[in-house]
1. Looking at (1) under 26 Å from residue 174 (Cα atoms); (2) in a loop (DSSP other than H, G, I, E, B), find the lone condition where residue 103 falls short.
2. If you scan the stretch 313-340, which residues turn out to be surrounded by fewer than 21 Cβ atoms within 10 Å (Cβ to Cβ) and at positive phi?
3. Among the candidates 272, 276, which residue alone is under 27 Å from residue 23 (Cβ atoms), assigned to a loop (DSSP other than H, G, I, E, B) and modelled with pLDDT under 90?
4. Looking only at residues that are at pLDDT below 90 and within 12 Å of residue 197 (Cα to Cα) in the stretch 134-157, which one is nearest to the chain's Cα centre (by Cα)?
5. Here is a check on your reading of the model: is residue 61 at pLDDT below 95, outside any loop (DSSP other than H, G, I, E, B) and more than 16 Å from residue 190 (Cβ to Cβ)?
């Protein structure tokens, strides 16, 4: 169990660098393993427990949704004066949960659930004989805390810890309990830890909640004239009916550096000052629907080139996600990471390395 938590911690740290994007509505399918444990009961807890779950979830907004789950749990314990008797509670249960996400736009998004369900349980060796009560279906309520950690565009890692109360005190095989059930002081309860995956197979419109440009003051010292000049610096003169005209469309294979769209070391999270620049770039693309771009991510030269390529790809993906959220068709944008290639600053000093952690556009027509 200790190794499992260590591995989970490492995974959560790694995925914290992945840029997340929430959606106004979505469908998700979940599956994973469970480790259940009897709590408010009369028998001693055993470590020989296991289980699993399947779920289907419908998110109606960025923050809230409903989840339907199917679960299997096998909970073991001992009883008797010398704790020599072993009993196993086998339960198959389903529940309907309300899910609330606290920060849906983050790559690590914690959530809370509360729900009701029906628990179909049975015993193999109850401590007390109870004709007619050694198995049955009981009402169950519970709540949980968990988090979704982005593994990619559609996949999320989902650890979750829940506490559940069954509407009987004979769930563990003996009448009455020490108390602590959610339904009443005389009901049994258990907890379970889930570790699984969440696959978002259907997503609606990207959420504008995740576009942090909104709310940034316009006096952010961004030189829009300079940005406009960068976009126009390679604009060709086109001859139309022997008349030379200026057309504000970048030519094929233009290379445009988005000055000001930079990143902290070992991070793919966009800085607040990047959003006005990207917003302006999105507006230009909306005004010129016949151009497509490759978003190119770069890094400094610190660390291995393998890690630099991975980080630069994540930076390019973060910018691509922002542009698509602003209404640019995904067919017009591709992303690629080039690591520490083609530096524009001196990697020997901090200022140069900061410049090299950048984004460039390669424009196609």
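1. (1)
2. Matches in the stretch 313-340: 327 only.
3. Working: 276 fails: assigned to a loop (DSSP other than H, G, I, E, B).
After ruling out the rest, the residue left standing is 272.
4. 150
5. On the way: at pLDDT below 95: yes; outside any loop (DSSP other than H, G, I, E, B): no; more than 16 Å from residue 190 (Cβ to Cβ): yes.
No.
The values are calculated or read from the model by the stated rules, or taken from the named source; none is laboratory data. In this text the structure is predicted, and so the values were computed from the model without any measurement. No Cβ is skipped: glycine too gets one built from the backbone with ideal geometry, and neighbour counts run over all protein chains shown.
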